[in-house]
1. Rounded to a whole number of µm²/s, how large is the Stokes-Einstein D of the chain at 20 °C and 1.002 mPa s, given Rh as the Kirkwood radius over C-alpha pairs?
2. Using only Cα atoms, locate the centre of the range 1-23 and the centre of the range 45-105, then give the distance between them in Å, rounded to an integer.
3. Search the structure for amide H atoms under 5 Å from the amide H of Q177, placed 1.01 Å from N in the peptide plane, and list their residues when 5 or more places away or on another chain.
4. Do any of K51/K202; K355/K379; K30/K147; K51/K253; K252/K350 go past 25 Å between their Cα atoms, and which?
5. What FRET efficiency comes out for the pair D311/A206, r = Cβ-Cβ distance, R0 = 30 Å, nearest 0.05?
6. Using a Förster distance of 30 Å, how high is the FRET efficiency between N214 and Q279, based on the Cβ-Cβ distance and rounded to 0.05?
7. In the range 3-204, carbon and sulfur make up what percent of the accessible area (probe 1.4 Å)?
8. Multiply the residue separation of Q288 and R100 by 0.36 nm, subtract the distance between their alpha-carbon atoms, and state the gained length in nm to one decimal.
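The values are calculated or read from the model by the stated rules, or taken from the named source; none is laboratory data. Since the structure is predicted, the reported quantities are computational estimates derived from the model, not experimental observations. Cβ placement follows ideal geometry from the backbone for every residue including glycine, while neighbour counts extend to all protein chains displayed. With ligands, DNA and RNA removed, areas are computed over all heavy atoms of the protein, side chains included. Shrake-Rupley method; radii C 1.70, N 1.55, O 1.52, S 1.80 Å.
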Amino acid sequence: MTFQDLNLNTPLYNAIEDLGFVNPTPIQSKAFNIVASGKDVVGIAQTGTGKTFAYMLPILRHLKYSRQDNPRVLVLVPTRELVVQVVEEIEKLSKYINNRILGVYGGTNINTQKQAVAQGQDIIVATPGRLYDLAVSRVLQLKSIQKLVIDEVDVMLDLGFRHQLMNIFDILPERRQNIMFSATMTQDVDELITDFFISPTKVSIAVSGTPLENITQKRYNIPNFHTKVNLLENLLHNTNEFSRVLIFVAYKKMADRLFEKLEALFPGDTCVIHSNKTQNYRLRSIEQFGNGEHRILVATDVMARGLDIEDVSHVINFDTPEYPENYMHRIGRTGRAEKEGHALLFSTEKEQDSKDAIEALMAMRIALLPLPDEVEISKELIDEERLQIRERNNPTKRSLDDDVGPAFHEKKAKNKKENLGGSYRREIAKKYKKPKTRGDKNYNRRNKKRK
Ligand code: AMP
């Protein structure tokens with residue numbers, strides 16, 4: 001596909017030509033018509049795939065010239081660096097278009113931003129917190145927003161911006177197009193889509209289900225967290241083979257918990273990255289892992305996206321990712337530059353379905369290894385595992401031994417009342433002893449006769 005195949009206009013063609021771009025990227029070709037249609041859209045694409053233009057091209061194509069001061073397009077992104085970057089990209093595309101674009105983010109003088117907003121804007125690119133502050137101050141009016149783009153939603157939710165997003169949704173016009181881009185599919189992203197999007201169309205560049213040939217994949221069935229740690233300990237003692245190990249976990253709490261365990265077992269060997277760590281901490285961890293100071297890095301999916309580290313000997317999936325695409329992204333961190341890489345997958349009983357989905361995506365089975373004899377099978381469960389067991393038995397179905405017995409005290413009189421509904425009608429009926437409505441003539445006649 002070429003840019004000629006997209007329904008662009010001359011100012012956009014010319015801007016693209018000036019940039020020297022020849023063909024649209026796959027996500028740009030796929031997203032153009034769908035975004036242009038005005039329907040809610042969820043795009044799954046990583047940074048570097050051209051995702052910014054994927055949503056901006058169709059938006060700019062249909063944004064008409066206007067003199068009104070209130071912005072019509074709102075782009076929310078998680079960090080100020082991204083605000084700057086997205087504004088730059090939009091400006092490049094707008095070289096021959098007369099539109100006003102403003103980037104706003106926290107940590108800078110809000111009054112300067114208020115003045116800029118007051119001058120009138122067409123497109124606002126913002127971090128959620130500052131956007132909300134500006135909206136609450138009433139300088140920024142959101143009533144004309146027609147298109148809401150949320151970029152890097154996975155990072156945004158991982159950083160804890162869900163509440164901020166809810167607040168912003170509340171003050172946006174209900175009739176608007178929602179466009180969302182995320183690099184990874186996570187539980188949080190899935191929930192947000194279900195709660196706030198109207199039957200969105202999904203666009204993604206199919207993640208290749210064909211793993212690199214130079215990555216060997218093996219898997220273990222392991223009953224629980226503590227046994228997984230025991231197996232890790234057993235494997236990681238082999239420092240020659242496991243020379244640079246990237247361990248993936250699904251969420252922050254698990255990352256911290258595993259980091260503590262590994263730090264106790266292999267002091268000074270381990271570092272960790274997830275979104276609750278400061279940017280400096282994360283950068284330092286990545287650097288120390290990259291230069292070999294630390295042999296083991298524990299990371300969450302969202303935070304490990306941008307990692308480009310050479311010579312990772314092993315990728316260990318400490319849990320089995322629910323979205324098979326995440327598995328492909330994870331194992332792609334090893335076996336780079338044609339070197340041999342190894343990927344290991346740990347799955348509990350409960351994770352077997354996810355394991356099956358991964359194998360289905362790759363259209364191949366992952367060889368199962370037996371747990372080494374020396375690895376102790378732990379009976380101890382962590383909180384999440386105990387919770388899951390309770391969920392598996394239907395919690396509303398009580399067995400006899402579960403009988404909770406009588407309440408500690410009698411209910412107070414007012415709590416004993418049963419709500420029968422329609423209280424006013426009942427009161428009236430009691431008072432007049434016969435229906436008050438004219439429609440009940442027959443009933444009245446019958447009663448009269450009896451008297
Ligand atoms: P993004 O994924 O939006 O962060 O974009 C990654 C980089 O690719 C940016 O520097 C864009 O300017 C560039 N880019 C976007 N679309 C194209 C294209 N069709 N051809 C070549 N480069 C592109």
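1. 82
2. First find each Cα centre; the distance between them is then 17 Å.
3. The list, which skips near neighbours in sequence, is K147, L148.
4. With Cα atoms farther than 25 Å apart: K51/K253.
5. It comes out at approximately 0.60.
6. 0.35
7. 46
8. 63.4 nm
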